[in-house]
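Enquirer: Take a look at this one; I'll ask things after.
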Amino acid sequence: MDEKRSVVALFGLAVAIVSGYVAYRFVAPLTVAVFLYYSTRRFHRRLERFRLPARVRAAVSLSVIGVPLIGLASYTLVLLILEARQFIEDYPVADTVGAENSVIGDLAELSNPTMDELLAAYRSGQFDPLIDLVSEQASLLASTASGLALNLLITVIVTYYLLIDGSKFHDWLLSFDDDAVVREYLEAADKELEAVLYGNLLNVIAISAIAVVTYLGYNTVAPAAVEIPYPTLAGAITGVASLIPVIGMKVVYVPLAAAMSIPVVVDGKVGLLAYVAGFLAVAIVVVDTIPDIVLRPYFSGETTHVGLLMLAYIFGPVVFGFHGLFLAPIILVLALTFADTALLRLLGVEPDPGPEIPDGQRRLEEF
């Protein structure tokens, strides 16, 4: 009997090692999937009032988060391409890099290409340098594109099935309960993870709205020479940038101020820099400082310390890479919840139940 148990235990250990290795290889999409699950779970549950099937609710929940992000990324890419083309047309880029021997020089001649002009340029060999460049980097481009597509597919599938079967997985974990320690820890960790990660999403939405209103308001009073280009898009990106530790939204509004200042200085209209300085002051106070002080504590979970959470956002990307922005807060919540619940029980210390409630007095959650 002991031999059979040993064989089963070794097999289980081998399966656990292989599963852990696979999870380690795909830790980035799995971490993002957990973030999306806790970000959309509350919305997914509220859709129950419409009596929709679980699969439909999961698809709707993912669409509410995924479609706007994909649309934002696509819109940004299109604008970058259009702005790059306009930059090539307005400034002597081709002359600077050597128009006679460069890909830019060949493409710069096609200012407003039609289909016939593109076909004629291809037949004349005008696209040969670009084709050669793409061919040389074909393997790198293919591996990068396939890697992004695979990670996106894993993220969507894992998030989708977590929304559908997350409760079953939760019940399976509770089957290992021992003296209610496991149950208490898992329920506390689950509740705090939802509060922290859902708070991240709310923080991004709130800051995006504040930034959009601020940028549009600035454009109504600023001269055309120092207006913010694409204020709605810039505001949405500002909200997403709030997830970046330390520098956060500065990666958006500081380059915006620089982009508005350079043409003004080149044209000799130095007086208009006062509007740029005003924009920076408003962005620092209204978009950056006040939301960070007022909103972040409300969106930082129920028991997790705000300072520790900020340190997790700082150290996470440094230690784990970009996905550490989501992984480090998860690890922090799991560790702190374990220390507050299971660790005390394991050490034989009963947690403090809090002040006693007088007879006849009810708790707030009872109403």
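The values are calculated or read from the model by the stated rules, or taken from the named source; none is laboratory data. Remember, predicted model here, so these are calculated numbers, not experimental data. As a convention, Cβ positions derive from the backbone with ideal geometry for all residues, glycine included, and neighbour counts pool all protein chains shown. Note: accessible area is taken over every heavy atom of the protein model, side chains too, but ligands, DNA and RNA are not part of it. Shrake-Rupley method; radii C 1.70, N 1.55, O 1.52, S 1.80 Å.
Enquirer: Taking the alpha-carbon distance from Lys168 and a cut-off under 24 Å, which lysines remain once sequence neighbours fewer than 8 residues away in the same chain are dropped?
Expert: Answer for Lys168, where 24 Å is the Cα cut-off: Lys191, listed by chain and number.
Enquirer: Right, something else. Below 8 Å, C-alpha to C-alpha, sequence gap of six or more: please give me the relative contact order for region 183-314 in percent.
Expert: 35 percent
Enquirer: Under 30 Å from the Cα of Lys250, which lysines turn up, not counting those fewer than eight places away in the same chain?
Expert: In chain and number order, the partners are Lys269.
Enquirer: Let me ask another. Could you check the simple spin-label distance between Ser19 and Lys269, using points 7 Å along Cα→Cβ, in nm with one decimal?
Expert: A separation of 6.4 nm, rounded to one decimal place.
Enquirer: Then there's this: Ranking request for peptides 141-152, 40-51: highest mean number of other beta-carbon atoms within 10 Å first, then the rest in descending order.
Expert: Descending packing order for the listed peptides: 40-51, 141-152.
Enquirer: For region 158-248, with all protein chains present and a 1.4 Å probe, just round the carbon and sulfur fraction of the accessible area to a whole percent.
Expert: Its accessible area is 68 percent carbon and sulfur atoms.
Enquirer: With every protein chain present, what is the per residue accessible area of region 195-352 (1.4 Å probe, Å²)?
Expert: 49 Å²
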